[in-house]
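The numbers here are math on the coordinates, done by the rules we state, and not lab data. Remember, it's a predicted structure, so these values are computed and weren't measured experimentally. Here the Cβ positions follow ideal geometry from the backbone for every residue, glycine too, while neighbour counts run over all protein chains shown.
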Amino acid sequence: MGAPAATAGSVAGAHGAADARSGVWGWITTTDHKRIGILYGVTAFFFFLLGGLEALLIRLQLARADNTLIGAETFNQLFTMHGTTMVFLAIMPMSAAFFNFIIPLQIGARDVAFPRLNAFSYWVFLLGGLFLNSSFLFGAAPDGGWFGYANLTSIQYSPGMNISFWALGLQILGIASLAAAFNFIATIINMRAPGMKLMRLPVFTWMSFITQLIVVAAFPVITVALVFLMFDRMFGTTFFSVAAGGDVLLWQHLFWLFGHPEVYILILPAMGMVSEVLPTFSRKPLFGYPVIVYSGMLIGVIGWAVWSHHMFATGMGPIADSYFSSVTMLIAIPTGVKIFNWIATMWGGQIRLATPMLFAVAFIILFTIGGISGVMHASPPTDLQQTDTYFVVAHIHYVLFGGAIMGIFSGIYYWWPKVFGRLLDERLGKWHFWLVFIGMNVTFFPMHLIGLLGMPRRVYTYGPELGLEQMNLVSTVGALLLGFSMLIMVYNFWWSSKHGEIAQNNPWGAATLEWAMSSPPPVYNFSVIPEVRSRLPLWTVGGVTEIPDVPPEPVHVPGGSYWPVVAAVGILVFFIGALVQSLWLAVGGVLVLVVSVFKWAFEPFEM
Amino acid sequence: MTTTALAHHTSTGQDTRKIAFWTFIGSECMLFGTLIATYLSYEGKSVTGPTPQEILNIPVTSVSTFVLLMSSLAMVLALTAVVRGDKLQTRLWLTATVGFGTMFLAFQYYEFNSFVAEGLTISTNLFGSTFFVLTGCHGLHVLIGVIWLTTLLILSWRDQLGPEKAMNVEIAGLYWHFVDVVWIVIFTVVYLIQRGPVA
Amino acid sequence: MIRYRRSALRAKPLVMLAFAALLAGAVGCQGPFPQSTFDPTTSFGRDLAGLFGLIFWWGVGVFVVVEVGVVYVLIRFRARPDGEQPVPIHGHTALEIAWTLAPAMIIVFIAVPTIQTIWRDAGPAADNPLEVQAIGHQWWWEFRYPEYGIVTANDLHLPQGRAVTVQLTSADVIHSFWVPRLGGKRDMLPGRNNRLSFTPDSVGEFLGQCAEFCGLSHANMRFRAIVHTADDFAAWVAAQNSPHASEDSLSTLEQQGLAAFRAVRTPASNSCIACHAIQNVSFGVLGPNLNHVAGRSTLAAGVLNNTAEDLAAWLRDPAAIKPGSLMPTIGLSQQEITALVAYLRSLR
Amino acid sequence: MSEDTVTKPPHAHPSVRTYLAIAAILTGITVVEVAMFYIPAISATAALAPVLLVLSAAKFALVVMFFMHLKPDSKIFTIIFTAPLLLAGLMILALMTLLGAWWLG
């Protein structure tokens, strides 16, 4: 290995170094948080469309009673992969795309704390996503549900490779999420610009910080649960074996101990994005900044004490049911406070309903409905009629689609000019918004009724005698509308790259630091690390020290490195070895990983 | 240590890697917490096979616990030696740490083989499954620690572990002490407090 | 700054109208809903529906307050060309306290009745309940009445007015026992005994379905709870305990069916007697008990009607009807199928 | 959080003597623990478990506070470590309760 692994760090001097790292190799070895953010965003959006396609097929099969369009096995694979893809391969990485691109800019840093670890997180995520979806090629896509309850997932009742693909795929994605979490926590704590006290951090960075703290504590729990599952399947351990005295509820407790904090990992970043968009388009500071921040913390903490509200039907007894339902209802309070603060932010403002604002307002409207339907089955007695029915499917989609996705779309339209230097078209944006808004409601609102009228979840078909055919058909029409609306968004992406209006530094007149430099930002972000003296630096006089266009002295920008990619490939090879139970592949993977970690550690890579 | 203001500006005055590593240790707390919770929840519920009372060997494990404690002491002394720039002491104590660590692994290897010989494998019963996964995961962490410390030892032999590299050694030390602390909990909860079978 | 033409916005009211119409169309639904959770026939079920109603109306209240608030704000504070720079308000403690207490109050109004209902329905059925053991299998239901020594499948017969406690467990993976009109669901966990108590107070046939994903044919794991009057139930019990018609009184076709049922096929697991039990004929326990199968309301756990054609189709290829069905496709000849159908339908 | 200072030089490490003392205490506690296990008078009583837990918690604290410098170090590390530790402890108690591990034979 003659040439030093890291391409020589380019000194971005006068006009911003001509990007010596252009070309595919530049992208594969990039350690620039902005490029990694774009990679995350593009990959996540592709998986989002894939997940959407799976949802469309599910809705087509359920459009009519006793439909034979899709068989039972394929349907079970589709709804499992739809759930797993949307949670782990779409919403989380799309949030990660914004963490990567926006957090360093918002806190006034040149890059994240550990750029190569950042690249490593992305490549492990990409390989994990490909590993999981490659199961379709072998006709062994996971079919145990995104929750994979024990002992249906045991080798006895799921003998194929389906569940192995699922469990090992999630382990890989877990490594990516944990690596990113350590990186962002260190970045947010230690790499803030002078004067950027914690209570001057933008709310998006605050919500992302809380999200990363939840990831750090939640992912080990599912990692252990998945280890138990894989050991049961591969080495005959008895964790979930009823004959040996094992308890199938152990899986449900461990999964939901991770699962409920996981849904706050999905929603908090979107809440952060909405808290950035609302003040900008109301020309008014966020109402009750500290209250929103503390509510976010409270949600993050209480989120750990409620997991068994997913298990009211397992008969845990009245004491546990009473405790878990009361604490679950408690979470409605900080969430409600946030919603009132958002409305108060808009109160007395000069509201411009540009596309980001439309999606942010839709977030408030739809998330409120999701929150209310959530409280409806926070109470165990009502939950006994609602759990595992389409009522819960409606609740999930109102908080995850109406909440997380609407928030993320708002973020996409809002930060697109900063990332790509061109604005998205407003007219196309509005068409996309209205079709998504209507499609979403037409698809998911009837599901409240379908559920209460007795249709259980995860059924590949239902009898005509249930009388739910017409409503299911309407829901399918809504889903087709949703699918079509995404095409408009993709067209808008393409259109804006050619004809989009050129963006200045601050096209929306926002207040946070990421709008203080050019769009797209130079490779070193800030020519001079500014001193921040206000929570709204660009809206207060003297809120931030002057940032010259050209750096007074040349700024060292770390070069790329390919060891993160090699390490990620090592992890993939190990997990393929685990999947096919080949010791040599597993050992080979570990060796590649160990070698690349050593090379990575001793690589000349100045920050 | 001269650090250019721009390059190493930190908001808290603490080393960024140390913050990230303490977060990692917090995350590992949750990992071992889940493993221990599963062990304690399943304790006494095995339907067949050898029970902890029949098979756990307290004298041997007590010695291996003492060995791990000594390796923690050696680690700390190695760190003070690095900070003082005392090459000889550094190499001495790093070698001691690696030695004790390897000794602990040897005890673990011996214990695992003797259990298998007595008919307790990972798939025999709940006790076997939970015990081997918990102590195996800890053993894996000890192995990674031994490899990490051996690397530092080699660097020290090559005179590349001066006082300016103290933070690297301190972080390796945090990892090693954490692995020792986890064993302290395991030793008490698994070996010393053996609760009988569930009614 | 951003220019956006107003025209795109004028379409909004029209679009909203279309959306409302479409939604109304969806809701203006059709026929009866046998698995509706809105009209329960047990006090347990009424408790749940009542609590749902209470929370629902609190939800509607919160919905109206928040959504009207949002719409009002959007209209009232739209950016006007001459609009002046808004006053930068950062917070207002009194307001914050107010809208923290308000949700807290609502939560109390919901939590107290919730906990009361939990404890009221947690106790065992009051006076000597009818004990029924419900055992979930991959993709059918086994019901046992220890009090009467009856073992049956897929039809749960209950007497009106008498409290019943259903003991729930599973023989393989997790299932969930759910008859919406008799009350809430409860999981059937392998290795654990759950209980569900209720008192059906009106006669009728109520549809139920498995509500926990349990594999390939989770959607085909349905059953019926049939509530009789006290004496009809006694008649049913008597019928179940009465012996089938004696072998010699069977027609020749039915006797050929019995012979086909008893035939030991290769591999042995293909023989009917390996899995099914019929009085004095066979003692298999892997598959549903076939005593008095002719009188059952459905076949194959609620998926087929109890008709000759459906039974023949089932015997010819079970996996086509229930994907993944553990009953093998034996490849019976048409003659054997006709005989078996005749015999099984003779088991009144 | 102390404000924007350049990385401080590593703080003074406790003296070797302190470490030796700590190691001695740790060894002492381990010996006491094992002894308690072997003395039938104590090991039979129900008090064995709580006392052993307290002793091991003491060892845990000693190693974390002195060997890992948590005591002299900045508050950030204490928060980042104790929060997940507390969460793990509560999780253990909760799972043991919910999975019925307390009422042993």
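Using a 7 Å offset from the Cα along the Cα-to-Cβ direction at both A:L480 and D:A21, what is the distance between the two label points in nm, to one decimal?
Spacing of the two 7 Å Cα→Cβ label points: 8.1 nm.
Which three lengths, in whole Å and largest first, does chain A cover when its Cα atoms are put on their principal axes?
So the three principal-axis extents are 74, 64, 47 Å.
Over chain B, what is the relative contact order in whole percent, taking alpha-carbon pairs under 8 Å and six or more residues apart?
Result for chain B is 33 percent.
How big is the dipole moment of chain C about its Cα centre under a simple scheme where the beta carbon of each Lys and Arg is +1, that of each Asp and Glu is -1, and everything else is neutral? Debye, nearest 20, please.
For chain C, the charge dipole is close to 1500 debye.
In the protein assembly as shown, if the dipole is taken from +1 on Lys/Arg beta carbons and -1 on Asp/Glu beta carbons about the Cα centre, which of D:V16, A:L400, B:V82 is farthest to the positive end?
The listed residue farthest towards the positive side: B:V82.
What is the Cα convex hull volume of segment C:247-345 when expressed per residue in Å³?
That works out to 95 Å³ per residue.
Distance from the Cα centre of segment A:347-362 to that of segment A:103-138, in angstrom?
That distance is 32 Å.
Across chain D, what fraction of all alpha-carbon pairs, as a whole percent, falls in each successive 10 Å bin from zero upward?
Percent of Cα pairs in each bin: 11, 29, 31, 19, 8, 2.
Where in chain A are the DSSP H helices whose C-alpha atoms run 30 Å or more along the long axis and whose mean Kyte hydropathy is at least -0.5?
TM-like helix candidates: A:33-62, A:162-190, A:203-235, A:248-282, A:318-346, A:355-376, A:426-452, A:469-499.
When only Cα pairs under 8 Å and 6 or more residues apart are kept, what is the percent relative contact order across segment D:16-98?
With pairs under 8 Å counted, the relative contact order is 24 percent.
Obtain the radius of gyration and the Kirkwood radius of segment C:130-240 from its C-alpha atoms and give Rg over Rh.
0.95
Taking R0 as 25 Å, what FRET efficiency do you get between B:D159 and B:R17 from their Cβ-Cβ distance, rounded to the nearest 0.05?
The pair B:D159/B:R17 has a calculated efficiency of 0.65.
Would you list A:T223, A:T387 from fewest to most Cβ contacts within 10 Å?
Final ranking by Cβ density, sparse to dense: A:T223, A:T387.
Take the Cα of A:W27, step 7 Å along the line toward its Cβ, and report every residue of segment A:559-588 whose backbone nitrogen sits under 19 Å from that point.
Within reach of a label on A:W27: A:560-566, A:568-569.
Between the alpha-carbon centers of segment D:48-105 and segment C:109-129, tell me the distance in whole angstrom.
Computed from Cα coordinates, the inter-centre distance equals 37 Å.
Average partner chain C-beta neighbours within 10 Å, per residue of A:590-602?
1
Looking at the square roots a ≥ b ≥ c of the eigenvalues of the Cα gyration tensor of the protein assembly as shown, which shape do they give, rounded for a/c under 1.5, prolate if a/b is larger than b/c, or oblate?
oblate
If you average 1/r over every pair of different alpha-carbon atoms in segment C:128-193 and take one over that average, what Kirkwood value in Å do you get? Don't jump to the answer; show the numbers that get you there.
Details: mean 1/r = 0.0818 Å⁻¹.
Over segment C:128-193, the inverse of the mean reciprocal pair distance is 12.2 Å.
Taking the Cα centre as origin and putting +1 on Lys and Arg beta-carbons and -1 on Asp and Glu beta-carbons, what dipole magnitude results for segment C:130-240, to the nearest 20 debye? Kindly include the intermediate steps, with their values, before the conclusion.
Numbers: 9 positive and 11 negative charges, 57 e Å.
Dipole size: approximately 280 debye.
Find how much the distance from C:D39 to C:E147 grows on full extension, using 0.36 nm per residue of separation minus their present alpha carbon separation; answer in nm with one decimal.
Contour length minus Cα-Cα distance gives 35.9 nm.
Separation between the C:F283 and C:S269 pseudo-spin-labels, each 7 Å from Cα along Cα→Cβ, expressed in nm?
Placing both labels 7 Å beyond Cα along the Cβ direction yields 2.2 nm.
How many partner chain Cβ atoms sit within 10 Å of a residue's Cβ in peptide C:36-48, on average, as a whole number? Each step should come with its number before you reach the end.
Numbers: counts 8, 10, 5, 0, 1, 0, 0, 0, 2, 3, 0, 3, 8.
Mean inter-chain Cβ contacts per residue within 10 Å come to 3.
What is the mean number of Cβ atoms from other protein chains located within 10 Å of the Cβ atom of each residue in peptide A:213-220, rounded to a whole number?
5
Give me A:H448, A:H499 ranked fewest to most by other Cβ atoms within 10 Å of their Cβ, as a rough exposure proxy.
Fewest to most other Cβ atoms nearby, the residues stand as A:H499, A:H448.
Quick check of the Kirkwood formula: for segment A:317-369, what is the inverse mean of 1/r over all pairs of different Cα atoms, in Å?
Here the Kirkwood hydrodynamic radius works out to 13.3 Å.
Based on the mean of other Cβ atoms within 10 Å per residue, sort peptides A:376-385, B:55-64, C:76-85, A:82-91 so the most packed one is first.
Packing order, densest peptide first, comes out as A:376-385, A:82-91, B:55-64, C:76-85.
If N is the number of residues in segment B:12-192, what value comes out of its Cα radius of gyration divided by 2.2 N^0.38 Å?
1.14
Output the relative contact order of chain A, whole-number percent, from Cα pairs under 8 angstrom with separation of 6+ residues.
Reported as a whole number, the value is 21 percent.
Quick check for me: using +1 on Lys/Arg Cβ and -1 on Asp/Glu Cβ, what's the dipole size of segment C:24-176 about its Cα centre, in debye to the nearest 20? Could you put the intermediate results ahead of the total?
Values: 7 positive and 13 negative charges, 87 e Å.
Roughly 420 debye for segment C:24-176.
GNM, chain C, Cα, under 10 Å: largest mean-square fluctuation among C:G208, C:G149, C:G161?
Among C:G208, C:G149, C:G161, the largest GNM mean-square fluctuation belongs to C:G149.
Between B:Q89 and A:Q156, what FRET efficiency follows from the Cβ-Cβ distance if R0 is 60 Å, with the result rounded to 0.05?
Once the sixth-power term is evaluated, E becomes 0.55.
At a 10 Å Cβ-Cβ cut-off, how would you order B:V76, A:V573, fewest neighbours first? Display every interim value, and only then the final one.
Values: B:V76 27, A:V573 20.
If I rank by nearby Cβ atoms, fewest first, I get A:V573, B:V76.
What does segment A:484-607 give for Rg and for Dmax, in Å, if only its C-alpha atoms count?
Cα-based Rg and Dmax for segment A:484-607 come out at 22.7, 64 Å.
Once you have the Kirkwood Rh of segment A:80-157 from its Cα pairs, apply Stokes-Einstein at 4 °C and 1.567 mPa s and quote D in µm²/s.
88
According to a simple spin-label model (label point 7 Å from Cα along Cα-to-Cβ), what is the distance in nm between C:E131 and A:R64?
If labels sit at A:R64 and C:E131, their model points lie 4.9 nm apart.
Which one of B:G33, B:G128, B:G139 has the biggest mean-square fluctuation once chain B is modelled by GNM with Cα springs under 10 Å?
Comparing B:G33, B:G128, B:G139 in the GNM, the peak value goes to B:G33.
Exposed loop sites here are GluC sites (Glu not before Pro) in DSSP loop states with at most 12 other C-beta atoms within 10 Å. What is the longest stretch of chain A lacking them? It would help to have the intermediate numbers written out before the result.
Working: sites that count: A:E546, A:E606.
Within chain A, the longest run free of exposed GluC sites (Glu not before Pro) spans A:1-545.
Distance check, please: which entries in A:K197/B:K87; B:K18/D:K59; A:K284/D:K75; A:K34/A:K197; A:K338/D:K71; A:K338/D:K59 exceed 32 angstrom between their Cα atoms?
From A:K197/B:K87; B:K18/D:K59; A:K284/D:K75; A:K34/A:K197; A:K338/D:K71; A:K338/D:K59, over 32 Å: A:K197/B:K87; A:K284/D:K75; A:K338/D:K71; A:K338/D:K59.
Between the alpha-carbon centers of segment C:206-271 and segment A:40-75, tell me the distance in whole angstrom.
So the two Cα centres are separated by 37 Å.
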